[in-house]
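**Q** Below you will find the structure I want to go over with you.
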Amino acid sequence: MSFDDMSTSFDEVIERRGTHSGKWDQMEARYGVSARDGIPMWVADMDFRPPQAVRHALERMIGNGIFGYYGDDRAYLDAIGWWMQTRHDWQIQPDWVFTTHGLVNGTGLTLQAFTEPGDGIVMFTPVYHAFFRVIRAAGREVVECPLVERDGRMTMDFDAYDAQMTGREKMVILCSPHNPGGQVWAAKELRGLADFARRHDLILVSDEIHHDLVMPGHRHTVMANAAPEIMDRLVMMSATTKTFNLAGGHTGNVIIADEVLRKRFANTLAALGISANSFGIEMARAAYSLEGAAWVDALCAYLDGNRRIFEEGLRAIPGVKVTPLQATYLEWVDFRALGMEEAEIRRRIEGAARIAANHGETFGKGGAGFQRFNIATPRARVKEAVERLQAAFSDVQ
């Protein structure tokens, strides 16, 4: 399939209603927006099929007809190493890689491996909402360090964070690229975070699940490359799931260079009896390929087109601000200048426009007054969403 053919395939409208899709089939229960005529822009999965190589890998498994335990993961580990080297200029060793049931699971496992109940876990908010759930369920304390907006960009204020630390904090979790803000961190910012982690003796977990989804003109820097001097306290997390729309495969990787940290993490996996899902492994191996790389390039170009349409359309609504999307497919939209109550904003988006978007306050401090919109859907649907939102706020002057 050529680059142009891949781009065209993203325009295909695929029926997902009634397929046990969390994004589509739970929308009405969560937001009161019917899947009959609603547009789901909340759950972070895409309405696109993955590369053909992934489907062919699954077809081969099904054709074999036996679904036993997975063995000999050398090809899978080689594929991960090749992808990180060629796409991110990051050289890893096969024995650094641990496979988890996705990166929310990976986050939970790092908490078990490297912290104790009651420990503080630092996060820069607003940030991915699932982190809060996992941290609190593990009996750890969420320590919110609010990001500061400067010139339309979220920045870290380490002087303020230094003053906030109490000594109970044992880990800091970074979302890179940032979700929900959709920005890539500069290497200088990442080095500042590395210094912060060392000053306060924190394990640094860098969740880089969106690292392949970067808009043209921007570049993601792997934390391990930005600050290699902190490998003794660094835990990297990556996955094919967001990049290739494979979230249901629940397969992610925790990558640890330091031998001491690796042993602690390996013991945690062993104690919980965790092993890999063979279907997720095969999908990941197939995705990390030349075909997968071409598909991602076409995807990012397509998402950039959706980005322009969405951002231009929302900025035409007086008072609405959209954070320029640099990475991910998640638009972070600021409705605060409208002076409306949260309930009124939701009434217009969910009731009038019939769109389900994530409520900003679920992302922690700094999220109130925002909504997060998923634009990884066929372009015609993005255009329809823009038209609905403009109509829902047409009385704003």
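The values are calculated or read from the model by the stated rules, or taken from the named source; none is laboratory data. In this text, all values refer to a predicted model and were calculated from it rather than measured experimentally. All Cβ positions, even for glycine, are placed from backbone atoms using ideal geometry, and neighbour counts span all protein chains on display. Side chains are part of the model used for accessible areas, which takes the heavy atoms of the whole protein and leaves out ligands, DNA and RNA. Shrake-Rupley method; radii C 1.70, N 1.55, O 1.52, S 1.80 Å.
**Q** For residue 40, which of the numbered conditions (1) open to solvent by 70 Å² or more (accessible area, probe 1.4 Å); (2) touching a Ser or Thr at 6+ places or on another chain (Cβ under 9 Å) fails to hold?
**A** It is condition (1) that residue 40 fails.
**Q** Would it be correct to say that residue 289 is farther than 15 Å from residue 97 by Cβ, touching a helix residue (DSSP H, G or I) at 6+ places or on another chain (Cβ under 9 Å), in contact (Cβ under 8 Å) with a residue 40 or more places away in the chain and open to solvent by 10 Å² or more (accessible area, probe 1.4 Å)?
**A** Against the criterion (farther than 15 Å from residue 97 by Cβ, touching a helix residue (DSSP H, G or I) at 6+ places or on another chain (Cβ under 9 Å), in contact (Cβ under 8 Å) with a residue 40 or more places away in the chain and open to solvent by 10 Å² or more (accessible area, probe 1.4 Å)), residue 289 qualifies.
**Q** Could we say that residue 193 is within 17 Å of the chain's Cα centre (by Cα) and open to solvent by less than 40 Å² (accessible area, probe 1.4 Å) here?
**A** No.
**Q** Out of all the residues in the range 43-52, which are open to solvent by 20 Å² or more (accessible area, probe 1.4 Å) and in contact with a Gly (Cβ under 6 Å, 6 or more places away or on another chain)?
**A** 43
**Q** Quick one: residue 49 ticks every box in (1) without any contact (Cβ under 8 Å) to a residue 40 or more places away in the chain; (2) assigned to a loop (DSSP other than H, G, I, E, B); (3) over 24 Å from residue 353 (Cβ atoms); (4) among the basic types (Lys, Arg) except a single one, so which number is it?
**A** Among (1) without any contact (Cβ under 8 Å) to a residue 40 or more places away in the chain; (2) assigned to a loop (DSSP other than H, G, I, E, B); (3) over 24 Å from residue 353 (Cβ atoms); (4) among the basic types (Lys, Arg), residue 49 violates only (1).
Condition check ((1) free of Cβ contacts under 8 Å to residues at least 60 places away in the same chain; (2) out of contact with any Pro (no Cβ under 7 Å at 6 or more places or on another chain); (3) not basic (Lys, Arg)) across all residues:
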| site | (1), (2), (3) |
| --- | --- |
| 262 | no, yes, no |
| 272 | no, yes, yes |
| 285 | no, yes, no |
| 315 | yes, yes, no |
| 349 | yes, yes, yes |
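**Q** Now for a separate question. Residues that are farther than 23 Å from residue 10 by Cα, touching a residue at least 40 places away in the same chain (Cβ under 8 Å) and either in a loop (DSSP other than H, G, I, E, B) or open to solvent by 10 Å² or more (accessible area, probe 1.4 Å) (or both): does the range 372-384 have at least one?
**A** No, the range 372-384 contains no residue that is farther than 23 Å from residue 10 by Cα, touching a residue at least 40 places away in the same chain (Cβ under 8 Å) and either in a loop (DSSP other than H, G, I, E, B) or open to solvent by 10 Å² or more (accessible area, probe 1.4 Å) (or both).
**Q** I'd like to know if the range 302-311 contains one or more residues that are open to solvent by less than 20 Å² (accessible area, probe 1.4 Å), part of a loop (DSSP other than H, G, I, E, B) and closer than 21 Å to residue 33 by Cβ.
**A** There is no residue in the range 302-311 that is open to solvent by less than 20 Å² (accessible area, probe 1.4 Å), part of a loop (DSSP other than H, G, I, E, B) and closer than 21 Å to residue 33 by Cβ.
**Q** Sticking with this one: Being open to solvent by 80 Å² or more (accessible area, probe 1.4 Å), outside any loop (DSSP other than H, G, I, E, B) and hydrophobic (A, V, I, L, M, F, W, C) is the filter; apply it to the range 1-37 and report the residue that is modelled with the highest pLDDT.
**A** 29
**Q** While we're looking at this one, here's another question. For the range 354-371, what are the residues that are in contact with a helix residue (DSSP H, G or I) (Cβ under 9 Å, 6 or more places away or on another chain) and either without any contact (Cβ under 8 Å) to a residue 60 or more places away in the chain or open to solvent by 20 Å² or more (accessible area, probe 1.4 Å) (or both)?
**A** Answer for the range 354-371, where residues must be in contact with a helix residue (DSSP H, G or I) (Cβ under 9 Å, 6 or more places away or on another chain) and either without any contact (Cβ under 8 Å) to a residue 60 or more places away in the chain or open to solvent by 20 Å² or more (accessible area, probe 1.4 Å) (or both): 354, 359, 361, 362, 366, 368, 369, 371.
**Q** While we're on this one: Can you find, within the range 257-281, the residue that is farthest from residue 93 (Cα to Cα) among those that are in a loop (DSSP other than H, G, I, E, B) and either open to solvent by 60 Å² or more (accessible area, probe 1.4 Å) or of a type outside the set (Asp, Glu) (or both)?
**A** Checking each candidate, the answer is 273.
**Q** Confirm whether residue 337 is open to solvent by 10 Å² or more (accessible area, probe 1.4 Å) and touching a residue at least 12 places away in the same chain (Cβ under 8 Å).
**A** The answer is yes for residue 337.
**Q** Could you run through the range 27-85 and say how many residues are β-branched (Val, Ile, Thr) and under 19 Å from residue 276 (Cα atoms)?
**A** Selection size over the range 27-85: 4.
**Q** Would you say residue 205 is under 26 Å from residue 80 (Cα atoms) and surrounded by 23 or more Cβ atoms within 10 Å (Cβ to Cβ)?
**A** Judged against the criteria, residue 205 is a match.
**Q** Filter the range 346-362 down to residues that are in contact with a Phe, Trp or Tyr (Cβ under 7 Å, 6 or more places away or on another chain) and in a helix (DSSP H, G or I) and give me whichever is nearest to residue 49 (Cα to Cα).
**A** Taking the candidates together, the pick is 350.
**Q** Here are the criteria: (1) open to solvent by 20 Å² or more (accessible area, probe 1.4 Å); (2) within 17 Å of the chain's Cα centre (by Cα). Tell me which single one residue 233 does not satisfy.
**A** (2)
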